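Readers should treat all values here as calculations from the given coordinates under stated rules, not as data from a laboratory. What you see is a predicted model; the values in this text were computed from it and never measured. So basically every Cβ, Gly included, is an ideal-geometry build from the backbone, and we count neighbours across all protein chains shown.
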Amino acid sequence: MRNLSYRVLIQMKPKHILESQQFDRSNLEELFSSTDALVEEFNSREGRNKLQQTLQGRLMFALFYEPSTRTRFSFCAAAHHLGMRAIQTENASEFSSAVKGETLEDSIRVLCEYSPDVIVLRHNDDGSSNRAAKVVNDCGYNVPIINAGDGGQQHPTQALLDLYTIRKQKKRIDGHTVLIGGDLRNGRTGRSLVYLMAKYKNVNFIFLSPENLRMNKDILRHLDEHDIAYRETEDFHGSLKEADVIYWTRVQKERGSTNTTLELTLTAHELKIMKEDAIILHPLPRNSEISKVVDTDKRAVYFSQAGNGVFIRMALLKKVCT
Ligand code: NCD
């Protein structure tokens, strides 16, 4: 018999987090309540100390083949706040055996042999997290894979923190006009958010982008199939006027996107056009698509949105590791 960890012998099914579609309203609400409870606990010294015991002795691997500041640090901070150890590689495409030609599949299999309790994976290939989860399942390891961004496809934990931010700021998720603007073609965060928000009632999407960076057909098909209202437009100011939730994104140059046709920068002028109670989100990093003057407006929530990422990821780690 192979020398596998005792956790494998118990043969539990690992609770992978691979895509937004795997969630439904009831487990989303459960996750958000658990996140609220963690925030509250964290805010008292006693609670904060107690949280350290939650995943004490557990181990998280953060395997990142692509650059990241927020996702990697917030996962590591989340692990730390729960008393879990984190081992991470920042640029696995340069600093791991990938340089020597090792496949993702082999790397995942080897890492599973070291008995981590979870692997958080960011990789430049579409579908890479699914490939990693397949290795785990086929080889019988009990190691959940968390997709921290796979190519231009999905970034479900980002979408979860985006949705949590909308719920917190607007007190509800149903019934909003959601304007998603920027690079819709290669931005994985907008795609993942659409899949999540499409589970709510009376959500109306406006997709604002230059012609060459429009939302891919698979997302539009999903909305058609679920009878969810959306429109694609290049009317920048017209769509800003209508939106309750403004989700801004940068041009994904590293995925080959260029924008030469439509200027979509939020400035003091655009602030005058937006609804008084709108909120502005951005997964960050931003480039020039949001001017710094916007940062001090009460509707700009992108920095607290990033902060929410730690608590959502604490709730996720707790969920998949226990
Ligand atoms: C996003 C990503 O990596 O997809 N960043 C993040 O995780 N907050 C957005 C981006 O890089 O534009």
Given LYS201/LYS319; LYS275/LYS298; LYS50/LYS171; LYS171/LYS199, the pairs whose alpha carbons are separated by over 18 Å: LYS201/LYS319; LYS50/LYS171
Modelling each spin label as a point 7 Å along the Cα-to-Cβ direction, I'd like the ALA37/MET12 distance in nm, to one decimal. 1.6 nm
Amide H neighbours of ARG250 at under 5 Å, excluding residues fewer than 5 places away on the same chain, with H built from the backbone geometry, are ASP183
Label-point gap, in nm, between GLU113 and SER97 - each point 7 angstrom along Cα→Cβ: 0.7 nm
Averaged over every viewing direction, what's the projected area of the C-alpha convex hull for segment 34-182? Give it in nm², one decimal, please. 10.7 nm²
For the chain, what is the Kirkwood estimate of the hydrodynamic radius, computed as the reciprocal of the mean inverse distance between distinct Cα atoms, to one decimal in Å? 20.4 Å
Using the Kirkwood radius over Cα pairs, work out the Stokes-Einstein diffusion coefficient for segment 117-168 at 37 °C and 0.692 mPa s, in µm²/s as a whole number. 279 µm²/s
Given charges at beta-carbon only (K, R positive; D, E negative), |dipole| of segment 102-180 in Debye: 720 debye
Assigned charges on the beta-carbon of Lys, Arg, Asp, Glu; segment 159-213 dipole about Cα centre (debye): 360 debye
Using the beta-carbon distance between ASN204 and ILE273 and R0 = 22 Å, what value does 1/(1 + (r/R0)^6) give for FRET efficiency, to the nearest 0.05? 0.75
Work from the charge dipole of segment 120-224 (Cβ charges, +1 for Lys and Arg, -1 for Asp and Glu, about the Cα centre) and give the residue of GLN154, TYR164, GLY181 farthest towards its positive end. TYR164
Report the relative contact order of the chain, percent, no decimals, based on alpha-carbon pairs under 8 angstrom and at least 6 residues apart. 19 percent
Applying 1/(1 + (r/R0)^6) with R0 = 30 Å to the Cβ-Cβ distance of LYS292 and THR233, what FRET efficiency is obtained, to the nearest 0.05? 0.70
From the Cα gyration tensor of segment 212-286, with a ≥ b ≥ c the square roots of its eigenvalues, which class applies: rounded if a/c is under 1.5, or else prolate if a/b is larger than b/c, or else oblate? oblate
Work from the charge dipole of the chain (Cβ charges, +1 for Lys and Arg, -1 for Asp and Glu, about the Cα centre) and give the residue of SER192, ASN43, ALA62 farthest towards its positive end. ASN43
Hey, if you put +1 on the Cβ of every Lys and Arg and -1 on every Asp and Glu Cβ in the chain, which of ALA133, HIS282, ILE228 ends up farthest toward the positive end of that dipole? ALA133
Note down, for segment 33-91, the three equivalent ellipsoid semi-axes (square root of 5 times each alpha carbon gyration tensor eigenvalue), biggest first, whole angstrom. 24, 13, 8
Summing -39500 (n - 2.57) over every DSSP H run of at least 4 residues in the chain and dividing by its residue count gives a helix-only mean residue ellipticity at 222 nm, to the nearest 500 deg cm²/dmol, of -12500 deg cm²/dmol
A student applying the Cα gyration tensor rule (rounded when a/c is under 1.5; otherwise prolate if a/b is larger than b/c, oblate if not) would label segment 140-217 oblate
How high is the relative contact order of segment 92-250, in percent, with contacts defined as C-alpha pairs under 8 Å that are six or more residues apart? 19 percent
Measure nothing fancy, just the Cα-based angle from helix 25-42's long axis to the longest principal axis of the chain, in degrees from 0 to 90, nearest 10. 80 degrees
Mind checking the full-extension length gain between ASP125 and ASN216? Use 0.36 nm per residue of separation minus the Cα-Cα distance, one decimal, nm. 31.1 nm
For the chain, with only Lys/Arg (+1) and Asp/Glu (-1) charged at the beta-carbon, what is the dipole magnitude about the Cα centre, in debye rounded to 20? 860 debye
